[in-house]
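Peer 1: Let me give you the structure first, and then I'll get to my questions.
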Amino acid sequence: MKEAVVDTNVFIHAIVEDSDLHGEARALLYSLDRWYVPTIVLYELVWFFKRVGLDVAEVRRCIEAVLSSTRCVVVPDTGRCTRRALSMIVQGAASLKHFNDLVILSTAIETCRRIATYDGKLRSIAEKYGVEVLPKSIG
């Protein structure tokens with residue numbers, strides 16, 4: 001079974017039809033049998049859609065599309081991923097600016113799953129921690 005923790009940007013590219021990575025992101029999502037979605041990814045999606053001016057009904061429709069997929073498994077943070085992300089920052093993996101990304105990476109480590117992301121910095125950090133990254137290359 002092909003599974004991955006999915007970063008926010010994969011969903012954004014898959015949803016936003018004007019994105020250069022729209023087709024690739026959709027193909028990536030549908031190549032996975034399971035999407036492990038940290039709760040922080042759902043929050044980031046809401047914040048992104050609010051920032052680009054979607055109204056509440058549109059934001060809800062987008063989030064419901066993710067949540068209602070049979071592929072979607074929401075992964076709550078019991079505090080372990082937050083602690084791990086903060087430890088990574090203290091150890092110099094990234095700055096506090098990348099906290100959300102490190103929570104997502106920590107979820108991949110905690111669940112022993114690969115990570116799907118288009119974020120170059122997150123991809124680099126994930127590889128340093130031995131986490132497999134999808135797609136294998138970007139673009």
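We did not get these values from a lab; they are worked out from the coordinates using the rules stated. Keep in mind that what you see is a predicted model, and the values were worked out from it rather than measured. Note: ideal-geometry Cβ built from the backbone for every residue, glycine included; neighbour counts use all protein chains shown.
Peer 1: Go through region 76-81 residue by residue and turn each phi into a ³J(HN,Hα) via Karplus (6.51, -1.76, 1.60, θ = phi - 60°); whole Hz please, and just put x for glycine and proline.
Peer 2: In residue order, the calculated couplings are x, 9, 7, x, 5, 5 Hz.
Peer 1: Still on this model: What residue among Leu28, Leu96, Leu105 shows peak mean-square fluctuation when the chain is described by a Gaussian network model with Cα springs under 10 Å?
Peer 2: Answer for the Gaussian network model of the chain: Leu96.
Peer 1: Contact order normalised by length for the chain, with contacts defined as Cα pairs under 8 Å and 6 or more residues apart; what percent is it?
Peer 2: Computed over the chain, the figure is 28 percent.
Peer 1: Dipole size in debye (nearest 20) for region 34-101 around its Cα centre, Lys and Arg Cβ +1, Asp and Glu Cβ -1?
Peer 2: 180
Peer 1: With equal scatterers on the alpha carbons only and no solvent term, can you work out the Debye log10 of I(q)/I(0) for region 3-129 at 0.16, 0.17, 0.20 1/Å?
Peer 2: -0.77, -0.87, -1.18
Peer 1: In whole Hz, with x marking every Gly and Pro, tabulate ³J(HN,Hα) for region 7-23 from phi via Karplus 6.51 cos²θ - 1.76 cosθ + 1.60, θ = phi - 60°.
Peer 2: Once rounded to whole Hz, the list reads 6, 3, 5, 5, 5, 4, 5, 6, 8, 7, 5, 7, 5, 4, 9, 3, x.
Peer 1: Still on this model: Between Leu67 and Asp55, what is the label-to-label distance in nm when each label sits 7 Å out along the Cα-to-Cβ direction?
Peer 2: Those two pseudo-labels are separated by 2.0 nm.
Peer 1: Hey, if you put +1 on the Cβ of every Lys and Arg and -1 on every Asp and Glu Cβ in the chain, which of Val131, Leu29, Val90 ends up farthest toward the positive end of that dipole?
Peer 2: Val90
Peer 1: Now a separate question. May I ask you to list the GluC sites (Glu not before Pro) in region 1-47 that are in a DSSP loop and have at most 16 other Cβ atoms within 10 Å of their Cβ?
Peer 2: Glu17
Peer 1: Under the rule of at least 5 residues apart or a separate chain, name every residue whose amide H is placed under 5 Å from the amide H of Trp35.
Peer 2: For Trp35, whose amide H was placed from the backbone, the distant partners under 5 Å are Cys72, Val73.
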